[in-house]
Amino acid sequence: MLDFSNRSVFVTGGSRGVGRAAALLFARTGADVALSYHTRRDAAEGVAAEIRTLGRRAVVVGGDHADEAVVRRMYGEITAALGGLDVFVANAGIWPERDVPLSEMPAARWAETLRANLDGVYLTTRGALQVMRPGGSVVLVSSTAGQRGEAFHADYAVTKGGLLALTKSLAIECAPAITVNCCAPGWIDTDMAAGVLTPEYRAKVESSIPLGRIATADDVAWPILFLASPLARHITGEVLNVNGGSVLCG
């Protein structure tokens, strides 16, 4: 069993989906957990309540992750409650559901996706590195879209590809004190994807996955914990693919 006793973890986007699953798994393995939300405060507070029932400390911070003043305030609250960080998981992001070719993509959608998925990760990761203890770990959550592209969602694919480059850049910058790795999931059965996963489309997606099913949030959260754990102490700059074999990219 992984053991995060006496360690402090910050998971962005912890109110639902993979972020929620990771926050709870970190708590179940002994960690104190800070989690952030953008608009879903009640959901985030519910996750924090579950963490506290496990006997661990929980801190909830909210606001626009791409706003520098907001992120500064988030870290002030986290460090006041937990001190420095041992693990940071950059999970928060958006996936615009509607298919739009680049030739018709409004500039506002492009800017919104990059703001949420790149600017927000830049600011929250920068803040984490400023308060992270030696021996800490950073895990960025990317996507298969960043590896193979995603037609009609070029804005999303560009941001997730950017996280792959950020992972490799930071792995060198932060060595040897901090490891930086990336988890790249494929389809995940969360409410973010619920709008498009009709029974017919779900069957189509599952037929393209060698393991025959769409991942659960826990299927992705456990690999995140692995990358943040001493089991991965000699791994940095790597991308761990969690896609059931649907994208065999090394």
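Nothing in this text is a laboratory measurement; each read-out follows from the coordinates by a stated rule. In this text the structure is predicted, and so the values were computed from the model without any measurement. So basically every Cβ, Gly included, is an ideal-geometry build from the backbone, and we count neighbours across all protein chains shown.
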- Expressed in nanometres to one decimal, the distance between label points 7 Å along Cα→Cβ at Arg73 and Gln130 is 1.5
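Where Rh denotes the Kirkwood radius from the mean inverse Cα pair distance, what is Rg over Rh for the chain?
Values: Rg = 17.2 Å, Rh = 18.1 Å.
With Rg and the Kirkwood Rh in hand, the quotient comes to 0.95.
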- Rounded FRET efficiency, nearest 0.05, which uses the C-beta distance separating Ala177 from Trp222 and R0 of 35 Å: 0.90
- Task: Determine, for Leu231, Leu129, the number of other Cβ atoms within 10 Å of each Cβ, and report the residues in order from fewest to most.
- Result: Leu231, Leu129
- In the chain, which helices (entire DSSP H runs) extend 24 Å or more along their own long axis, judged by Cα positions, while averaging at least 0.5 on the Kyte-Doolittle scale? 154-174
- Here the longest stretch of the chain that holds no trypsin sites (Lys or Arg not before Pro) in a DSSP loop having at most 11 other beta carbon atoms within 10 Å is 99-232
